[in-house]
Amino acid sequence: MKVLVIDDDPVSRLILRRTLERGGFEVLEASDGLERWELFQRHSEEIRLAVVDWVMPGIDGVELCRRVRSSASEQYVYVVLLSAKQEKRDIVTGLEAGADDYIGKPFEPAELISRMKVGLRIIALEQRLKELATTDPLTKVLNRRAIIERLREELHRAGREDEAVGVILLDIDHFKAVNDRYGHLEGDRVLAETAERLRGGLRKYDALGRYGGEEFLVVIPQPKGHTVEVAERLRCQIAATPYRLNKEPLALTISLGATEVQLPPFQGTDQGTEALLEEVLKRADAALYEAKEGGRNQVVFRGFAP
C-alpha cells in the first residue's frame, strides 16, 4: 500500500519514510503542501494513505486536508495529521478539516505503524461497502445503477477528450425456457457463467454490468470503430461452448444490440449528458430488439450521430 508523506523537514521526512518502510509500506514523498497536492492529483488512484505535517510553507496540512476532502477522487484517502501542536482545540481543528487521525511530534514509531494499520482496516471496509453497493451479488459484475453511472462518466469523458464510446446491450436467448426446464437455481448458474464468459471477451477497462434479468450492458471506452467486433466476439464466447445444466449439455446464444457515439469536444451540462445517455440506451435497446426479431444469436448495430 502506498503512503504519501508530506513534511518540509528533510530529517523528519527521512525518519517517517524509514519507519513506514519497515512497517511494509511503499512511500511517496513531498516536501511541501503544493508539491503534495500535485502528487496527489497525479496519483489519486494509487494513494490511499497520507501522513501530513501541519506546519508547511505554501499549503499547510489543514488546508491540504480540506482539499483532499473536496476533491473529485472516488478513492477515500485516510489522512494522519502530524504536528507538535498538542492543544485540544488544535486537534479539533485538524479533525474538522478532514484528518482521520492526529499524532503529536515527536512520534513513537510503533504508534504510527499501528495507526496506519487502523487506516488500512478503514480503507478495506470502505472498499467492501463500495463493492456491495455497486456489484450484482449473483453475477459479480456491476449492478444496474453502477453500470449506468459508468456510462454517464464515459460520456462526460468522451465529450471532454473528443473520443467515442461503444455501448452493447445483450440478452440471453430463450432464457425463460431455461428456468422453466431446469429451475431457477440452474438459471442463476447460467447467469453467473455468462457474466464470466463475457468478462473474458473484454479489456480490463471495459465495463460490464447486469442491466436487469438476463440482460447485460457493456460500456467500451475508446472503441476506435470496433464495437461490432467486440459484440461479435462476445456472441462467440457464449455460443462456442455448451453450458452444463444438471449434467446435460445445453447450447445457449445471445442477441446483441450495439451503438457507438463519437462526440466532439464540448462543455457538457448534466442535463445534456442525461439526455444523451437516455438516447444511447434507446439506440442499443432498439438494435437489440431488431436482433431478437431477426432470429436471435446475432449482432445488430445502430449508428449514432448526436
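Computed values, structure above
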| read-out | value |
| --- | --- |
| Among the residues listed as ALA284, ALA275, ALA291, ALA239, the single one being of a type in the set (A, V, I, L, M, F, W, C), touching a strand residue (DSSP E or B) at 6+ places or on another chain (Cβ under 9 Å) and either more than 15 Å from LEU169 (Cβ to Cβ) or modelled with pLDDT under 85 (or both) | ALA239 |
| LEU132 vs. criteria of a type outside the set (Val, Ile, Thr) and closer than 30 Å to ASN246 by Cβ | no |
| Which listed residue is buried (at least 20 other Cβ atoms within 10 Å of the Cβ) and farther than 26 Å from CYS236 by Cα, from ALA133, ALA158 | ALA158 |
| Of residues in segment 72-116 being acidic (Asp, Glu) and modelled with pLDDT under 90, the one nearest to LYS2 (Cα to Cα) | GLU74 |
| Within segment 183-198, tally of residues that are farther than 20 Å from THR135 by Cβ and in a helix (DSSP H, G or I) | 3 |
| Count - residues of segment 65-82 that are buried (at least 20 other Cβ atoms within 10 Å of the Cβ) and more than 17 Å from VAL92 (Cβ to Cβ) | 3 |
| Hits in segment 217-241 - residues which are within 12 Å of ARG197 (Cα to Cα) and either touching a Leu at 6+ places or on another chain (Cβ under 8 Å) or of a type outside the set (A, V, I, L, M) (or both) | ARG233, LEU234, ARG235, CYS236, GLN237, ILE238, ALA239, THR241 |
| Selection count, segment 219-254, where residues are among the β-branched types (Val, Ile, Thr), open to solvent by less than 60 Å² (accessible area, probe 1.4 Å) and in a loop (DSSP other than H, G, I, E, B) | 1 |
| Residue match in segment 94-102 (condition: touching a residue at least 24 places away in the same chain (Cβ under 8 Å), among the aliphatic types (A, V, I, L, M), touching a strand residue (DSSP E or B) at 6+ places or on another chain (Cβ under 8 Å) and closer than 21 Å to GLU260 by Cα) | no |
| Cβ pairs under 9 Å, 6+ apart, first in segment 204-218 and polar (S, T, N, Q) and open to solvent by less than 20 Å² (accessible area, probe 1.4 Å), second assigned to a strand (DSSP E or B) and modelled with pLDDT of 95 or more | none |
| Odd one out for ARG42, checked against (1) touching a helix residue (DSSP H, G or I) at 6+ places or on another chain (Cβ under 9 Å); (2) modelled with pLDDT under 85; (3) farther than 21 Å from SER114 by Cα | (1) |
| Flag for GLU149 being open to solvent by 10 Å² or more (accessible area, probe 1.4 Å) and within 30 Å of GLY187 (Cα to Cα) | yes |
| Those residues of segment 57-82 which are farther than 16 Å from ASP101 by Cα and touching a strand residue (DSSP E or B) at 6+ places or on another chain (Cβ under 7 Å), in sequence order | GLN75 |
| Hits in segment 149-182 - residues which are touching a strand residue (DSSP E or B) at 6+ places or on another chain (Cβ under 9 Å) and part of a loop (DSSP other than H, G, I, E, B) | ASP162, GLU163, ASP173 |
| Count of segment 161-201 residues which are open to solvent by less than 20 Å² (accessible area, probe 1.4 Å) and small (Gly, Ala, Ser) | 5 |
| Members of segment 202-234 found to be under 29 Å from LEU185 (Cα atoms) and among the hydroxyl-bearing types (Ser, Thr, Tyr), listed by number | TYR211 |
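For every residue, the table says whether it meets (1) touching a Lys or Arg at 6+ places or on another chain (Cβ under 7 Å); (2) within 23 Å of LYS292 (Cα to Cα); (3) not aliphatic (A, V, I, L, M).
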position	(1), (2), (3)
ALA192	no, yes, no
GLY212	yes, yes, yes
VAL219	yes, yes, no
ALA231	no, yes, no
LEU234	no, yes, no
SER255	yes, yes, yes
GLN262	no, no, yes
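Each row is one residue, and each column tells you yes or no for (1) more than 26 Å from VAL300 (Cα to Cα); (2) at pLDDT below 95.
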| residue | (1), (2) |
| --- | --- |
| ARG128 | yes, yes |
| ASP136 | yes, no |
| ALA146 | no, no |
| HIS156 | no, yes |
| GLU163 | no, yes |
| LEU169 | no, no |
| HIS174 | no, no |
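The values are calculated or read from the model by the stated rules, or taken from the named source; none is laboratory data. Because the structure is predicted, anything quoted here is derived from the model rather than measured. Counting neighbours? That spans all protein chains shown, and the Cβs are built from the backbone with ideal geometry, glycine included. Heavy atoms of the whole protein, side chains included, go into the accessibility calculation; ligands, DNA and RNA do not. Shrake-Rupley method; radii C 1.70, N 1.55, O 1.52, S 1.80 Å.
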